[in-house]
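Report on one structure; see the data block that follows.
The values are calculated or read from the model by the stated rules, or taken from the named source; none is laboratory data. What you see is a predicted model, and the numbers here were worked out from it, not measured in a lab. With ideal geometry, Cβ positions are generated from the backbone for all residues, glycine too; neighbour counts draw on all protein chains shown.
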Amino acid sequence: MAMFNVGEAWIEDNIFYECFACDIVKCKGACCTLPGGRGAPVRDDEVDDLNRAAPSARKYLPEENLKIIDTIGVIEGEPGSFATPCINQKDCVFVFYQDDIARCSFERAFLRGEISWRKPISCHLFPIRISYGMSERLYYEQIRECSDAREKGSAQDFKLYDFLKDALIRKYGERWYDRFREECQRRYGLV
């Protein structure tokens, strides 16, 4: 896959032309319930934030989730490989259901003004993922559960990089995002 560079990040080319607009009513919050046994990847520098925010997020969770958090903790793993725990190798422990839709309790607490950040950056950026190494590499993780989001994005001609504007600004800053968007538009022939 071809890549281009903006600041400290290398970006796979497909990010600049993909269309995407989440359709949570259709996918039912599938990104929070993917099978695999590990929840959301958590960066080392997010661990303290998650621990501070957990009391606000807990009040939106069912008893089963609270028992797991009380037993395992807010995160599991080790430095460089932290993640939120899962329920039955699937749901993130911070998921609650509303009208059969998986919702994030951190996001609920954020929207109600109880915490200052929306959710772990890996969740906020999804379906863009970051691999860390000598440099950061952004890639698009295309999963079948997001097919409705791709269709909706295509119908609205809504680019993935615009859908993730807030998350990308949170991660890299507004100046970086402006440079990134200009490069995407240049590559897509819009400038």
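Residue by residue, here is whether (1) among the polar types (S, T, N, Q); (2) out of contact with any strand residue (DSSP E or B) (no Cβ under 9 Å at 6 or more places or on another chain); (3) in the same structural domain as Ile143 (by TED's automatic domain parsing); (4) modelled with pLDDT of 95 or more holds:
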residue	(1), (2), (3), (4)
Met1	no, no, yes, no
Ala9	no, no, yes, no
Glu12	no, no, yes, no
Ile15	no, no, yes, no
Lys26	no, yes, no, no
Gly39	no, no, no, no
Ser56	yes, yes, no, yes
Pro62	no, no, no, yes
Leu66	no, yes, no, yes
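Scoring Arg38 on the criteria (1) assigned to a loop (DSSP other than H, G, I, E, B); (2) loosely packed, with under 14 Cβ neighbours inside 10 Å leaves a single failure, condition (2).
Could you tell me whether Arg137 is among the charged types (D, E, K, R) and in a strand (DSSP E or B)?
Values: among the charged types (D, E, K, R): yes; in a strand (DSSP E or B): yes.
The answer is yes for Arg137.
The residue of region 151-191 that is nearest to Glu18 (Cα to Cα), among those that are touching a Phe, Trp or Tyr at 6+ places or on another chain (Cβ under 9 Å) and not in a helix (DSSP H, G or I), is Lys159.
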